[in-house]
1. Between residue 326 and residue 569, what length comes free when the chain is fully extended (0.36 nm per residue of separation minus the Cα-Cα distance, one decimal in nm)?
2. Kindly state, to the nearest 0.05, the FRET efficiency for residue 181 paired with residue 247, given R0 = 30 Å and r defined as their beta-carbon distance.
3. Please work out the FRET efficiency for the pair residue 279 and residue 239, using the Cβ-Cβ distance as r and a Förster radius of 56 Å; give the result to the nearest 0.05.
4. What are the ³J(HN,Hα) values, in whole Hz, obtained from phi via the Karplus relation 6.51 cos²θ - 1.76 cosθ + 1.60 with θ = phi - 60°, for each residue of segment 132-139 in sequence order, with x given for Gly and Pro?
5. Taking 7 Å along the Cα-to-C-beta vector as the label spot, tell me the residue 32-residue 478 distance in nanometres, rounded to one decimal.
6. Amide H neighbours of residue 358 under 5 Å, counting only residues 5+ apart in sequence or on other chains, H built in-plane at 1.01 Å?
7. What pairs from 463/493; 462/554; 462/504; 390/504; 124/235; 329/368 go past 18 Å between their alpha carbons?
8. Using the Karplus curve 6.51 cos²θ - 1.76 cosθ + 1.60 with θ = phi - 60°, what ³J(HN,Hα) values do you get for each residue of segment 565-570, in whole Hz, with x for Gly and Pro?
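FYI, it's all coordinate maths here, none of it is from the lab. Since the structure is predicted, the reported quantities are computational estimates derived from the model, not experimental observations. Positions of Cβ are generated from backbone atoms using ideal geometry, with glycine treated the same way; all protein chains shown enter the neighbour counts.
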Amino acid sequence: MSEQNSNTSSNKKLSILFELKRFIRPYLGRTIIAATALIFTSGLTLSIGQGVRLLIDQGFAEQSLEQLQHAVQFILLITVLISIGTYARFYLVSWIGERVSADIRLAVFNHVISLHPSYFETTKSGDIMSRLTTDTTLLQSIVGSSLSMAIRSALMLIGALFMLFATNIKLTLIVLCAVPFILVPILVYGRKVRTLSRQSQDSMSDVGSYAGEAIEHIKTVQSYTQESAEKTSFKNEVEQAFAIGRRRIQQRATLIAGVIIIVFGAITGMLWVGGSDVISGHMSGGDLGAFVFYAILVASSLATISEVIGELQRAAGATERLIEILQAKSLIQASYVTSLNAGSLAAQITVKDVCFNYPSRPNQAATKHLNLTIEQGKVLALVGPSGAGKSTLFELLQRFYDPQSGKILLDNVDIRDLSPQDLRQQMAIVPQQPALFSSDVMHNIRYGNELASDEQVIEAAKKAYAHEFILALPDGYNSFLGERGVRLSGGQKQRIAIARAILKDPHILLLDEATSALDSESEYHVQQALDTLMHNRTTIIIAHRLSTIQHADKIAVLDAGKLVEVGNHEQLLQSCELYQRLVKLQFKSV
């Protein structure tokens with residue numbers, strides 16, 4: 001079993017590396033130039049050892065100022081070339097790191113906003129934000145710095161080992177005796193660091209999610225005087241993240257310290273043997289100097305690799321989290337069966353024997369064999385107790401979910417045969433709590449039609465009876481509304497949302513009773529705006545007010561996901577017991 005898990009983990013790691021290659025591949029030209037510069041500088045660095053040998057053997061040993069000058073000039077020339085190569089390598093690698101990080105961030109965001117809503121029932125928004133920011137920033141550091149250091153160190157290690165053998169085989173074997181003692185802790189502790197790195201990333205995501213949720217509901221927190229409790233809970237989240245981070249750092253510190261002891265212990269032994277050979281005349285001082293230089297390169301390369309390997313393990317954890325999102329499949333896919341244009345279809349909706357369970361509640365039916373017809377240009381009101389399936393029908397109509405059985409038809413065409421974007425373009429929803437963005441009024445209204453001119457936006461605001469209060473704002477249509485439109489009243493938010501729907505000019509209108517939570521004056525203005533919006537459109541309303549029900553062409557009574565009865569207000573008062581009870585209790589019948 002453990003072997004199978006190991007193979008699975010290895011395959012997963014290869015898959016992750018392959019995914020990273022996908023993002024680096026578009027910049028192959030720059031990558032090749034950076035790699036060339038890296039190889040060039042590595043080779044030049046190795047040649048410094050020969051400069052050291054010349055400096056000692058021909059400069060110091062022969063007491064020749066001319067030879068000393070040549071050796072110094074050689075080292076200076078190599079140093080200048082190394083600096084030029086390093087500049088090119090550092091710039092290109094850092095550029096690639098920034099670019100790849102930005103591309104991954106874009107790819108993740110573009111994929112996330114196309115996923116089905118049920119994905120967000122099980123994935124916290126704070127976790128997604130953490131992956132978009134923290135994880136991609138970490139990858140930027142890895143691709144733009146640490147990965148280059150690791151490759152450079154690996155090249156230096158190989159080259160320096162080759163030069164060690166060329167200089168003195170006996171001393172090289174002494175150094176190599178330490179390699180197994182270095183590889184074992186790297187492999188053992190590296191695996192632990194990778195596991196802790198993933199846990200660290202997840203814990204930081206939890207911290208961000210918790211803080212974001214508390215801040216989002218700050219009024220509720222303060223209203224119930226839960227500041228102390230929230231501080232304590234957040235402290236526990238932070239301390240848990242710190243504890244995981246501390247264990248990760250401890251493992252890395254142990255790895256680095258162990259490698260340093262082993263490597264420099266081997267170099268010390270080599271110096272003793274090499275010094276003895278110089279004294280006895282078996283090798284020159286220049287050869288020993290060059291050998292020491294290459295041995296230090298080997299040691300520093302191994303130390304760098306052991307340090308960078310921890311960063312690479314963190315990158316593997318971050319990449320794993322990002323790839324999880326990129327590999328998530330949306331349950332709602334565009335159809336390739338037909339090229340029908342939803343805008344050319346009549347706005348008549350037929351719900352046929354629809355059964356649906358939310359993915360997060362697979363054993364609890366939201367609708368059961370639901371059958372319903374909504375005629376073009378008519379107003380249908382949906383009434384029923386909580387959990388009757390009213391909001392679920394809105395979700396299904398917009399194809400945020402597909403039913404497990406049955407189908408929904410638009411002008412006798414299954415909506416699954418239409419592009420989801422094309423279908424939703426024919427609809428506009430005005431919810432009880434409008435979703436406003438942290439931008440100005442113009443942007444929020446234009447969200448209904450991004451191609452609309454300023455004049456069209458203003459005209460939509462006038463039809464929504466929002467123009468006057470917008471002009472009264474500090475900067476008019478350029479006024480910043482704050483997060484979720486916090487600077488507006490409930491009625492003003494509703495009219496902005498209605499103006500957005502008017503600008504979209506949909507064939508089908510979905511209203512989650514936009515006046516139910518408003519005062520009388522706001523309700524009057526919003527109702528006027530709604531009357532304008534509903535004119536000559538197929539309208540479905542989740543009803544909470546008696547006035548809405550009385551003006552509907554038909555009323556559908558739902559209970560526990562089933563259709564109880566359909567009729568007008570007077571008919572249902574005579575024939576439907578559930579409707580009578582709802583009118584008395586929920587709608588406060590007169």
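1. Net length gain for the segment: 82.5 nm.
2. That pair, residue 181 with residue 247, gives E of 0.80.
3. Calculated transfer efficiency: 0.45.
4. 5, 9, 4, 5, 5, 5, 5, 5
5. So the label points at residue 32 and residue 478 sit 5.0 nm apart.
6. Correct list: 366.
7. 462/554; 390/504; 124/235; 329/368
8. With the stated coefficients, segment 565-570 comes to 6, 10, x, 8, 4, 5 Hz.
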